[in-house]
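Trainee: Quick one: structure below, then a few questions.
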Amino acid sequence: MFDDRTDAGRRLADLLEERGLEADLVLGIPRGALPVARPVADALGADLDVVVAQKIGAPGNPELAIGAAASDGSVWLNEALVERLGVPDSHVEREREREAERAREKAAAYRPGGRTDLPELTGERVVVVDDGVATGATAIACLRQLRENGAARVILAVPVGSPDSLERLEDEADEIVALRTPADFRAVGQYYRDFGQVSDDEAIEYLDLESG
C-alpha cells in the first residue's frame, strides 16, 4: 500500500536506481502520473515532460476503454473488444478525432508556449511513468507515440498494475518496471491510501519544479 502518489514515486525511483537504469527524459501521463514521475525524474537526473493520450470509450459505456488516441492523432484499438461489442466504425472514428483533439489540448496546456509536440526523442532513453496500469489502453497509445518519434529505448515504470495488462504491454516497451503486480488486481486506487484527483494546475506544478 502506498501512502500517496509521491510516496509511490519515491519507491519507484529507488527501484529504478537499484536496477541501474538510466534515462535522458522522463515522461508522465497526465494528470495522476506527475506526482509519481517527479521523484523519478529527480532521482535519474532527467528532464520531466508529458506524453498524452485519451482513452476511447465504448458506446453507452465511456468508462470501458476500447482503445486510446494520442496527441499526434495516432490510435490504438483493442480490436478483439471492438469486434465483440460490435462497435460501429462511425463511433470509433468520431471518438478518435474527439479524444485526439482533447489530448492535443491537454498537451498544449501542460507545455510552455502551448506546444503540442513531444520533445526531440531521436536516440533518447525514455522512461514513461503512470500512477498505475488497469487496462493499459492509454499506456499503449503513449508508448507507440514515442516509438514513432524515434526513441531509442523506452521503459514503462509504474507502482502497480494488472498482471494481464502489463503482459500485453511487454511488446510495446523495451522494459517494464512495476513495484506490485497483484493477482487480485481490481483498480489502481485500491493500492493507495490517498488517491485523490490531481487537478491540471497541481500536475503542472510538478513540471514547473524542473526549472526551480
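The values are calculated or read from the model by the stated rules, or taken from the named source; none is laboratory data. Predicted, not measured: the structure shown is a model, and the values here were computed from it. Ideal geometry is used to build each Cβ from the backbone, glycine not excepted, and the neighbour counts take in all protein chains shown. With ligands, DNA and RNA removed, areas are computed over all heavy atoms of the protein, side chains included. Shrake-Rupley method; radii C 1.70, N 1.55, O 1.52, S 1.80 Å.
Trainee: Which members of region 138-154 meet the condition of being touching a helix residue (DSSP H, G or I) at 6+ places or on another chain (Cβ under 8 Å) and more than 10 Å from VAL51 (Cα to Cα)?
Mentor: Answer for region 138-154, where residues must be touching a helix residue (DSSP H, G or I) at 6+ places or on another chain (Cβ under 8 Å) and more than 10 Å from VAL51 (Cα to Cα): ILE140, VAL154.
Trainee: Does THR122 satisfy the criteria of being free of Cβ contacts under 8 Å to residues at least 40 places away in the same chain, β-branched (Val, Ile, Thr) and surrounded by fewer than 24 Cβ atoms within 10 Å (Cβ to Cβ)?
Mentor: On the way: free of Cβ contacts under 8 Å to residues at least 40 places away in the same chain: yes; β-branched (Val, Ile, Thr): yes; surrounded by fewer than 24 Cβ atoms within 10 Å (Cβ to Cβ): yes.
Considered against the rule, which asks whether it is free of Cβ contacts under 8 Å to residues at least 40 places away in the same chain, β-branched (Val, Ile, Thr) and surrounded by fewer than 24 Cβ atoms within 10 Å (Cβ to Cβ), THR122 comes out as yes.
Trainee: ASP72 - would you say it is open to solvent by 20 Å² or more (accessible area, probe 1.4 Å) and more than 30 Å from LEU15 (Cα to Cα)?
Mentor: yes
Trainee: Is it true that VAL50 is under 20 Å from THR116 (Cβ atoms), crowded, with 22+ Cβ neighbours inside 10 Å and modelled with pLDDT under 95?
Mentor: Criteria met by VAL50.
Trainee: Same structure, new question: For region 127-182, give me the residue count where each residue is in contact (Cβ under 8 Å) with a residue 24 or more places away in the chain, open to solvent by 40 Å² or more (accessible area, probe 1.4 Å) and assigned to a loop (DSSP other than H, G, I, E, B).
Mentor: 4
Trainee: Let me ask something else. Pairs under 6 Å by beta carbon, first residue open to solvent by 90 Å² or more (accessible area, probe 1.4 Å) in region 184-212, partner among the acidic types (Asp, Glu) and at pLDDT 90 or above, six or more apart or different chains?
Mentor: Taking only residues 6 or more apart or on different chains, the pairs are ARG193/ASP3.
For every residue, the table says whether it meets (1) closer than 28 Å to SER71 by Cβ; (2) open to solvent by 10 Å² or more (accessible area, probe 1.4 Å); (3) at pLDDT 95 or above; (4) of a type outside the set (Val, Ile, Thr).
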position	(1), (2), (3), (4)
MET1	no, yes, no, yes
ASP4	yes, yes, yes, yes
ALA8	yes, no, yes, yes
ARG11	no, yes, yes, yes
LEU15	no, yes, yes, yes
GLU22	yes, yes, no, yes
VAL26	yes, no, yes, no
ALA37	yes, no, yes, yes
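Trainee: Only residues that are in a helix (DSSP H, G or I), over 17 Å from ILE176 (Cβ atoms) and within 14 Å of the chain's Cα centre (by Cα): list them for region 14-43, please.
Mentor: LEU34, PRO35, ARG38
Trainee: Can you name every one of the strands (runs of 3 or more DSSP E) wholly within region 44-126 that holds 2 or more residues which are touching a helix residue (DSSP H, G or I) at 6+ places or on another chain (Cβ under 9 Å) and over 16 Å from ALA137 (Cβ atoms)? Please lay out each step first, then the result.
Mentor: Numbers: elements: 47-50, 53-58, 61-70, 75-77.
Qualifying strands (runs of 3 or more DSSP E): 47-50.
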